[in-house]
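Data first, discussion second: the structure below is written as structure tokens.
Every number here is computed from the coordinates shown, using simple stated rules; none is lab data. Just so it is clear, the model here is predicted, and its values are computed rather than measured. Quick reminder, even Gly has a Cβ in these numbers, built from the backbone with ideal geometry, and neighbours come from all protein chains shown.
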Amino acid sequence: MPFGESGPRIIAAIETAWEVLKESHPELPEVYVIVDNEGARHNVVIPDRLEADMRLEIPIHRDAITAGPRATLEAILHVATHALCQARGLSETSNRGMRHNKHFRDTALELGMKWPEGEPPHSTRGFSPVPLTPEALAGYAPLIQALGKSLDGVVLGVAEPATKGKSGSRITLQCECTNPPRTFQIGPRIAAIGGITCNVCGAEFTEK
């Protein structure tokens, strides 16, 4: 990725912010951060069974980082809302993850975000993005300030197009279930840690 010497500092700052959120929301999973160049992914894909010491991949869009610490925190909170929903077994999106439903909206409240009263959901995105409340913005001020110091002066280079296949940013795994088929996407680095077995058919998930 085109981050040069700024890369480790960006990742460390976002992972530290995530750990701060975990202190008040312990359901959040252990993660590692990637910077999403294309903006097609913004949620956490949690396998049916987590292997020991497995950390999950969370994507934060590069444009949010470029826009500054508040936008970066809002992106982190958005992904954290997805993570909380999935940890609780709530289906929070439809239309290939594009439309955000009431589960997402209601869970976002716990992280300081509130959909405007009386405002209808967006025709395509549903209840997304959910804005931060003024109270939450004040409460997150120290975290935004810390992100600002960590990200000050970072330079993101020109985004490179994602490659496909095993070396790409995500791969699709599928088990032997047929009614219905069960698939999920995962980062290659996490997939390489070890096999993931389906609790329904008993077969290992393999690349589709």
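If you add up the charges near Lys114, with Lys and Arg at +1 and Asp and Glu at -1, over every other residue whose beta carbon is less than 14 angstrom from its beta carbon, what do you get? Taking every Cβ under 14 Å from that of Lys114, the sum is -4.
Expected output is a single nm value to one decimal: the length gained when fully extending between Thr178 and Arg125, i.e. 0.36 nm times separation in residues minus the C-alpha distance. What is it? All intermediate terms of the calculation are to be shown ahead of the outcome.
Values: separation 53, 0.36 × 53 = 19.08 nm, distance 2.98 nm.
That pair, Thr178 and Arg125, stretches by 16.1 nm at full extension.
Dipole of segment 89-157, Cα-centred, from +1 at each Lys and Arg C-beta and -1 at each Asp and Glu C-beta, to the nearest 20 debye?
On the way: 7 positive and 7 negative charges, 56 e Å.
The calculated dipole for segment 89-157 is roughly 280 debye.
Report note on the peptides 74-87, 173-186: ranked by the mean count of other C-beta atoms within 10 Å, highest first, their order is 74-87, 173-186. The stretch between Asp152 and Val20, if pulled fully straight at 0.36 nm per residue, gains 45.6 nm over its current Cα-Cα span. Full extension of the chain between Ala12 and Arg96 yields a length gain of 27.3 nm, computed as 0.36 nm times the residue separation minus the alpha carbon distance. Computed from label points 7 Å out along Cα-Cβ, the spacing between Ala87 and Ala136 is 1.6 nm.
Using only the Cα atoms of segment 70-133, build the gyration tensor, take square roots of its eigenvalues as a ≥ b ≥ c, and label the shape rounded, prolate or oblate: rounded if a/c is under 1.5, else prolate if a/b is larger than b/c, else oblate. The shape class here is rounded.
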